[in-house]
1. Which one of the conditions (1) within 16 Å of the ligand (Cβ to nearest atom); (2) of a type outside the set (D, E, K, R); (3) not in a helix (DSSP H, G or I) does T89 fail to meet, given that it meets all the rest?
2. With the structure loaded, tell me whether Q33 is surrounded by fewer than 14 Cβ atoms within 10 Å (Cβ to Cβ) and touching a His at 6+ places or on another chain (Cβ under 8 Å) or whether it fails that test.
3. Given the residues Y235, Y196, which is the only one that is within 24 Å of T57 (Cβ to Cβ), buried (at least 24 other Cβ atoms within 10 Å of the Cβ) and touching a residue at least 12 places away in the same chain (Cβ under 8 Å)?
4. Of the numbered conditions (1) small (G, A, S); (2) within 13 Å of the ligand (Cβ to nearest atom); (3) farther than 16 Å from L159 by Cβ, G344 fails exactly one; give the number of that condition.
5. Taking segment 109-132 as the search range and keeping residues that are in a helix (DSSP H, G or I) and of a type in the set (G, A, S), which one is surrounded by the most Cβ atoms within 10 Å (Cβ to Cβ)?
6. Those residues that are part of a loop (DSSP other than H, G, I, E, B) and over 27 Å from I14 (Cα atoms), I need them from segment 28-56; list them, please.
7. Evaluate the following for L296: is it outside the structural domain of T194 (by TED's automatic domain parsing), in contact with a strand residue (DSSP E or B) (Cβ under 9 Å, 6 or more places away or on another chain) and within 18 Å of P157 (Cα to Cα)?
8. Under 6 Å by Cβ, and 6 or more places apart or on different chains, what pairs join a residue from segment 203-225 that is assigned by TED's automatic domain parsing to the domain that holds R172 with one that is more than 14 Å from the ligand (Cβ to nearest atom) and among the small types (G, A, S)?
Amino acid sequence: MSEPESWRFDTLAIHAGQPPDPATGAIMVPIYQTSTYVQAEPGRHKGYEYSRTGNPTRTALETCLAALEGAGTGRETYGLAFASGMAATDTVLRLVGPGEHVLVGDDVYGGTYRLFQRVLAGYGIAFDYVDMGDLAAVAAALRPDTRLIWLETPTNPLLKLADIAGVAALARQQGRKGNHKDRPYVVVDNTFATPYLQQPLVLGADIVVHSTTKYLSGHSDVVGGAVVTTNAEVYERLKFLQNAVGAVPGPLDCWLVLRGIKTLGLRMERHCANAGRVAAMLAEHPAVARVLYPGLPGHPLHQVARRQMRGFGGMVSFILKGGPEAARRVVSRTQLFALAESLGGVESLIEHPASMTHASVADSPLRVDAGLIRLSVGIEDGDDLLDDLRRALA
Ligand SMILES: Cc1ncc(COP(=O)(O)O)c(C=O)c1O
């Protein structure tokens, strides 16, 4: 089955990279649970030699991810799957050498900050953190040796936004300056939005990174990561690194992500609808000091969200008037919202970033308010979710 150029998102999500199995007609991609492949003579094989280098189930996932992020770019797009979001991030950072600079958003997943500061900075890479929503600040922080601009939008956990096209334009401008060998690549961690809500490559970014653990797989049953790019040279280097470093996902994990992606559009619609209702309820609630959600008109970059996103996503953060004590009480009191790390599954989760997902940034400039609560709003009945939160806040 060829993939017509005209296929739209939900069709690509179900079919891209997944023709019926030519051997049996199986409609689902088989889980090729094999480490190696028989060769007719040395070097003569059917495209696969060893499963760290390539595996057909992984190929299906990589092709599907490339199709979803690449649709609308009008360019060839390449996908690579990894064993976790952090493995994907680490592999992209290997594009940067000692003595070079990476400009990072001032709100990112705590594990990303930990990797940058506590691992990679030790190898001589310099990191600076800036509000990616402030284009003047980004322009001022760029250096001649900046290799990557790394941003999340929306961010974890503060739901800050960046104007992706604006940052991409600054990166291109930087490349036109005489003293710059290569322009910096713009990397967007698109985990919170997913390609259903936002396509950074269409907006001019060079590389997209995902924790597929989250919305893409969608069922809290697998850990995985991905990288997608429109740059063939970057892809070749990252593919080499994927094999050389070896942080690859197993075939069953790839299959789980592929299965999750089939319902991505439907799930994201419900996540957005439920999260919008939760954000509106919290914004009116007397116990709540502030709600952070790109869909609220009061969000500082709400207009950017309207421009570059199809919907505002399923993540909502808020700060209670009662501070850290109240926050710890509320996260322990909900019934439907389970107290757990991670996000993006069908079930609703609640967490306290300062002591959980973002404990690793506690003593850093990225530390989060101890009164902050983060919700991953699931796809249960919206009324039940509102009732649960109202009870916990009472
Ligand atoms: C925005 C974001 N990026 C990357 C990661 C890391 O992904 P993983 O846990 O799959 O390694 C996470 C995990 O929470 C995340 O929220």
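1. (3)
2. So Q33 fails the test.
3. On the way: Y235 fails: buried (at least 24 other Cβ atoms within 10 Å of the Cβ).
Only one candidate passes the filter, namely Y196.
4. Going through (1) small (G, A, S); (2) within 13 Å of the ligand (Cβ to nearest atom); (3) farther than 16 Å from L159 by Cβ one by one, G344 breaks only (3).
5. G110
6. Going through segment 28-56, the residues part of a loop (DSSP other than H, G, I, E, B) turn out to be 28-35, 37-40, 42-43, 45-49, 51-55.
Y37, V38, Q39, A40, P42, G43, H45, E49, listed by residue number.
7. Numbers: outside the structural domain of T194 (by TED's automatic domain parsing): yes; in contact with a strand residue (DSSP E or B) (Cβ under 9 Å, 6 or more places away or on another chain): no; within 18 Å of P157 (Cα to Cα): yes.
Against the criterion (outside the structural domain of T194 (by TED's automatic domain parsing), in contact with a strand residue (DSSP E or B) (Cβ under 9 Å, 6 or more places away or on another chain) and within 18 Å of P157 (Cα to Cα)), L296 does not qualify.
8. Cβ pairs passing all conditions: L203/A165; G204/A165; G204/A168; A205/A168.
The values are calculated or read from the model by the stated rules, or taken from the named source; none is laboratory data. For clarity, every value in this text was computed on a predicted model and none was experimentally measured. Neighbour counts are summed over all protein chains in view; Cβ atoms, including those assigned to glycine, are modelled from backbone coordinates with ideal geometry.
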